[in-house]
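What follows is a set of notes on a single structure, which appears directly below.
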Amino acid sequence: MSPGERYILFLSNDGRLGLPFGNAGIRCQVTGIWAGKFRVENGRIAPSPDTSAEIRKHENQAVADFLETLLANR
């Protein structure tokens, strides 16, 4: 990740001991190591190469459509 880039991250609790807490008082990690990282390029989804084929089907999907799909399936 670099400054100025946009991402949608899927996070899970990070239960490792000895790490500082974030500003919200919780520790999180990207789900599935980096599989839960989706870069946003020109308003479209670019999944990490580590994501499953099931998730990669959303590649190049508009962000709004991707988020709508997520909300409909929660």
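The values are calculated or read from the model by the stated rules, or taken from the named source; none is laboratory data. As the structure is a computational prediction, the values presented were derived from the model and not from experiment. In this analysis, Cβ positions are derived from the backbone assuming ideal geometry, glycine residues included, and neighbour counts consider all displayed protein chains.
Would you confirm whether or not the stretch 25-38 contains a residue that is modelled with pLDDT under 80, of a type in the set (Gly, Ala, Ser) and in contact with an Asp or Glu (Cβ under 6 Å, 6 or more places away or on another chain)?
Yes, because at least one residue in the stretch 25-38 is modelled with pLDDT under 80, of a type in the set (Gly, Ala, Ser) and in contact with an Asp or Glu (Cβ under 6 Å, 6 or more places away or on another chain).
What are the pairs, 6+ residues apart or on separate chains, where a residue within the stretch 52-73 that is free of Cβ contacts under 8 Å to residues at least 40 places away in the same chain and at positive phi has its Cβ under 7 Å from a residue that is basic (Lys, Arg) and not in a helix (DSSP H, G or I)?
Asn60/Arg44
From (1) within 24 Å of Leu71 (Cβ to Cβ); (2) out of contact with any helix residue (DSSP H, G or I) (no Cβ under 7 Å at 6 or more places or on another chain), pick out the condition that doesn't hold for Ile45.
(2)
Please return the ranges of strands (runs of 3 or more DSSP E) entirely within the stretch 19-74 where 2 or more residues are surrounded by 14 or more Cβ atoms within 10 Å (Cβ to Cβ) and in contact with a Ser or Thr (Cβ under 9 Å, 6 or more places away or on another chain). Lay out the reasoning, then the answer.
Details: elements: 28-30, 37-41, 44-47.
In the stretch 19-74, the matching strands (runs of 3 or more DSSP E) lie at 28-30, 37-41.
Go through the residues of the stretch 53-63 one by one and say whether even a single one is in contact with a Cys (Cβ under 8 Å, 6 or more places away or on another chain) and at pLDDT 75 or above.
no
Looking at this structure, is Ile8 touching a residue at least 12 places away in the same chain (Cβ under 8 Å), assigned to a strand (DSSP E or B) and aliphatic (A, V, I, L, M)?
Working: touching a residue at least 12 places away in the same chain (Cβ under 8 Å): yes; assigned to a strand (DSSP E or B): yes; aliphatic (A, V, I, L, M): yes.
Yes: the conditions hold for Ile8.
Is it the case that Ile26 is farther than 17 Å from Ala64 by Cβ and either touching a residue at least 60 places away in the same chain (Cβ under 8 Å) or of a type in the set (Val, Ile, Thr) (or both)?
yes
Find the residue count for the stretch 42-51, including only residues that are touching a residue at least 24 places away in the same chain (Cβ under 8 Å) and over 13 Å from the mean Cα position of the chain (by Cα).
Narrowing the stretch 42-51 to residues touching a residue at least 24 places away in the same chain (Cβ under 8 Å): 45.
Next, only the ones that are over 13 Å from the mean Cα position of the chain (by Cα) stay: none.
The qualifying residues number 0.
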